[in-house]
Amino acid sequence: QAKYSNPNFKVQLPTMNLGCIHGGDNPNRICARCELHFDLRPLPGMDMKALRQEILDTLQPVAKSRELSLTFEPLFDGVPPFETPAEAELVRVCERLTGHSAEAVAFATEAPWLQKLGMETLVMGPGYIDQAHQPDEFLELSQLDPAVRILKGLINEFCL
């Protein structure tokens with residue numbers, strides 16, 4: 001927290017969730033093995049490989065001092081953070097077309113990979129994020145026409 005902060009996010013710091021812990025075979029025994037899966041959400045400008053190394057460098061001495069072995073294996077490469085500058089033309093045009101100011105969001109998308117291909121990238125669309133990826137996910141029909149109007153505006157601005 002002392003090293004990393006981004007005031008554009010509601011939670012301005014990188015987050016870590018220790019979300020899945022497995023160990024032992026009985027509540028009255030000390031387990032010989034324990035497995036922890038955690039989710040790390042970096043901020044734009046943070047390098048996932050360096051973050052993982054920093055975590056490992058912090059944990060290895062603790063494990064060694066307790067005569068424990070430690071295996072650190074990423075479950076997948078991770079989703080890199082990304083950021084489009086507020087002054088980017090795409091941001092300004094989208095703000096004008098939507099009537100809303102751009103803001104940072106703390107969820108993963110394909111945007112960082114599109115950005116690595118050299119595309120100016122912005123995450124935007126109809127619907128509400130708190131309804132997304134839920135068993136009862138839906139999109140109100142009243143949100144379709146405004147989304148189409150915005151897409152037509154973007155096409156007119158950048159493609160014609």
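The values are calculated or read from the model by the stated rules, or taken from the named source; none is laboratory data. Just so you know, these numbers come straight off a predicted model, no measurement behind them. Glycine also receives a Cβ, built like all others from the backbone with ideal geometry; neighbour counts cover every protein chain displayed.
Observations on the structure shown:
- Flag not set for Arg52, criterion: surrounded by fewer than 10 Cβ atoms within 10 Å (Cβ to Cβ) and assigned by TED's automatic domain parsing to the domain that holds Asn6.
- Conditions (1) part of a loop (DSSP other than H, G, I, E, B); (2) closer than 19 Å to Ala111 by Cβ; (3) among the hydrophobic types (A, V, I, L, M, F, W, C); number of the one not met by Ala2: (2)
- Checking each residue in the stretch 4-35 for being loosely packed, with under 12 Cβ neighbours inside 10 Å and either of a type in the set (A, V, I, L, M) or outside the structural domain of Leu56 (by TED's automatic domain parsing) (or both) picks out Val11, Leu18, Ile21, Ile30, Ala32.
- Against the numbered list (1) surrounded by 13 or more Cβ atoms within 10 Å (Cβ to Cβ); (2) within 30 Å of His37 (Cα to Cα); (3) touching an Asp or Glu at 6+ places or on another chain (Cβ under 9 Å), Gly78 comes up short only at (3).
- Scoring Gln134 on the criteria (1) more than 24 Å from Tyr4 (Cα to Cα); (2) surrounded by 13 or more Cβ atoms within 10 Å (Cβ to Cβ); (3) not assigned by TED's automatic domain parsing to the domain that holds Leu36 leaves a single failure, condition (2).
- For the stretch 23-37, the count of residues that are in contact (Cβ under 8 Å) with a residue 12 or more places away in the chain, assigned to a strand (DSSP E or B), farther than 30 Å from Ala102 by Cβ and hydrophobic (A, V, I, L, M, F, W, C) is at least one.
This table checks each residue for (1) small (Gly, Ala, Ser); (2) in contact with an Asp or Glu (Cβ under 6 Å, 6 or more places away or on another chain); (3) assigned by TED's automatic domain parsing to the domain that holds Pro146; (4) modelled with pLDDT of 90 or more.
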{"residue": "Pro42", "(1), (2), (3), (4)": "no, no, no, no"}
{"residue": "Asp57", "(1), (2), (3), (4)": "no, no, no, yes"}
{"residue": "Val62", "(1), (2), (3), (4)": "no, no, no, yes"}
{"residue": "Cys94", "(1), (2), (3), (4)": "no, no, yes, yes"}
{"residue": "Leu97", "(1), (2), (3), (4)": "no, no, yes, yes"}
{"residue": "His100", "(1), (2), (3), (4)": "no, no, yes, yes"}
{"residue": "Leu114", "(1), (2), (3), (4)": "no, no, yes, yes"}
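- Leu43 meets the conditions (1) more than 14 Å from Val79 (Cα to Cα); (2) of a type in the set (A, V, I, L, M); (3) without any contact (Cβ under 8 Å) to a residue 40 or more places away in the chain in every case but one. The failed one is (1).
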